[in-house]
1. Could you count how many residues in segment 217-226 are more than 16 Å from the ligand (Cβ to nearest atom) and not in a helix (DSSP H, G or I)?
2. Only one of (1) in contact with an Asp or Glu (Cβ under 8 Å, 6 or more places away or on another chain); (2) open to solvent by less than 20 Å² (accessible area, probe 1.4 Å); (3) at pLDDT 95 or above is not met by Glu362, so which one is it?
3. If the requirement is being open to solvent by 10 Å² or more (accessible area, probe 1.4 Å), in a helix (DSSP H, G or I) and in contact (Cβ under 8 Å) with a residue 60 or more places away in the chain, which of these qualifies: Asp130, Asp123?
4. Which one of the conditions (1) open to solvent by less than 30 Å² (accessible area, probe 1.4 Å); (2) outside any strand (DSSP E or B); (3) among the aliphatic types (A, V, I, L, M); (4) in contact (Cβ under 8 Å) with a residue 40 or more places away in the chain does Leu368 fail to meet, given that it meets all the rest?
5. Could you say whether any residue in segment 383-401 is in a helix (DSSP H, G or I) and farther than 23 Å from Trp233 by Cα?
6. Being within 13 Å of the ligand (Cβ to nearest atom) and out of contact with any Asp or Glu (no Cβ under 6 Å at 6 or more places or on another chain) narrows it down to one residue among Ser256, Ser234; which is it?
7. Can you go through Arg14, Arg8, Arg42 and tell me which one is modelled with pLDDT of 95 or more and among the basic types (Lys, Arg)?
Amino acid sequence: MSTSTSTRHAGAARSAGTPQLHPEVETMPREQLAALQLARLRETVKSAWENVPLHRSRLEAAGFAAGDIRSLDDVQQLPFTLKSDLRDHYPFGMFARPVGELARLHASSGTTGKPTVVGYTGDDLDNWADLMARSLYAAGARRGDVVHNAYGYGLFTGGLGAHYGAERLGGVVVPMSGGSTERQVSLIMDFRARVLCSTPSYALAIAELAEQQGVDLAKDSALEVGLFGAEPWSDAMRREIQARLGIRAVDIYGLSEIMGPGVACECEHHAGLHGWEDHFLFEVIDPDTGRPMPEGEAGELVITTLTKQALPMLRYRTRDITRITTAPCDCGRTHLRILRVTGRNDDMLIIRGVNVYPSQVEAVLVGLENIAPHYQLVLERQGRLDHVTVETEAQPGVDPAAYDGIARKVAHQIKSMLGITTDVVVKRPGEIPRSQGKAVRVRDLRPKDA
Ligand code: DLL
């Protein structure tokens, strides 16, 4: 059964606030949304029970029988699923459908050990395209827009996810992928792209190359909206991108284990990312105890899929740290909002007892006088303590004789804002590696067994 809601609903009754692509679901009263979630949760648990031995054994161990879900709160009794479960059951052991019935596979690069493989039925792809179209629309994209898609095509979900969503919306997709940055600039100009899809770090690399070529994207391009995600980024970075590209920069979130891009996306109010609750059940838990956090408090995002056929996920621990609010949004959408993902649990640095995410360092660096918005954090072990060197870059035109003084000011700023002591090295323009996809923000030189 397809759970698809398609763009043909676009002309249906409009609610208060700004228009939505699927108004009947996007503005659904929360009680009705909860009833829909409960029905879909039951289906999902049933399918996981019947088709995935790992889920069945865990559900049984937790005392569940197939039809046991009585209320949405029961989800809190379900066992968690971890990324390691996907690895341990590589490649297809968590699939609820025979692989021959699927329509697509994606995989993560798998920096340690085996990659994680995810699968989609035709209906799953249909729902994904709908949710990406919905996200693009919420961000401000419209039918007929030229959508320049610089997310990587291939096993990464960014490229194809944005591609089919933009097509579903009725956009004109330029399937550019990452890389060939000079060409990105000329095609954005020549094809009059209104919408840009890329990682935030790559958007900056495009902006920088355009400036070097003497092209003023902010003034002379047709760009108006950007959907940026796949990595943590700060509001300071948002301001920088908006100024340099002359666009409204919108945050979009997703992960391959759950679907890909389009799990949640900001609307024009930039007040958190609407998590599409007709397809996903969101929780925030204390990462140490696994207990639910009160609404509004930070913790680990846990997602249960409600419509996925090929790969139903029960309480998937994303490792992403965020907060949730169910308060109404001015746009009229009723779906909850996750606040900007600060970082992943695994990326948290503990510097002399202080917890810091790379994106918090970014928030201090970006926008500082004489400093360009490119950086890497180098982690080393000094005795028994971790030490961080912040490598950043001077703006073009700054006298290298001034670099040391700038570095001292930056270190002071980081200390006063974040409470951590760092060494800061200011490099010449262009010396920090530029990303074409997800930026590498941390170089960890600590001994592996430490
Ligand atoms: O990055 C899917 C995606 C593509 C999302 C394009 C948005 C745009 P993965 O490669 O599986 O999938 O990586 C998922 O990236 O768990 C987060 O840690 C991080 N992430 C994704 N979006 C954001 C965001 C794609 N907006 C992992 N802010 C997630 C912060 C993000 N982190």
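The values are calculated or read from the model by the stated rules, or taken from the named source; none is laboratory data. Being a predicted model, the structure only gives us computed values, none of them experimental. Ideal geometry is used to build each Cβ from the backbone, glycine not excepted, and the neighbour counts take in all protein chains shown. Accessible surface is based on the protein model in full, side chains and every heavy atom, while ligands, DNA and RNA are left aside. Shrake-Rupley method; radii C 1.70, N 1.55, O 1.52, S 1.80 Å.
1. So the answer is 4.
2. Condition not satisfied by Glu362: (1).
3. Asp123
4. Failing condition for Leu368: (1).
5. The answer is yes; a qualifying residue exists.
6. Ser256
7. Arg42
Every residue, every condition in (1) within 15 Å of Thr305 (Cα to Cα); (2) over 26 Å from the mean Cα position of the chain (by Cα); (3) free of Cβ contacts under 8 Å to residues at least 24 places away in the same chain, yes or no:
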{"position": "Arg56", "(1), (2), (3)": "no, yes, yes"}
{"position": "Ala62", "(1), (2), (3)": "no, yes, yes"}
{"position": "Ala65", "(1), (2), (3)": "no, yes, yes"}
{"position": "Asp68", "(1), (2), (3)": "no, yes, yes"}
{"position": "Ser71", "(1), (2), (3)": "no, yes, no"}
{"position": "Thr81", "(1), (2), (3)": "yes, no, no"}
{"position": "Asp85", "(1), (2), (3)": "no, no, no"}
{"position": "Met94", "(1), (2), (3)": "yes, no, no"}
{"position": "Pro98", "(1), (2), (3)": "no, yes, yes"}
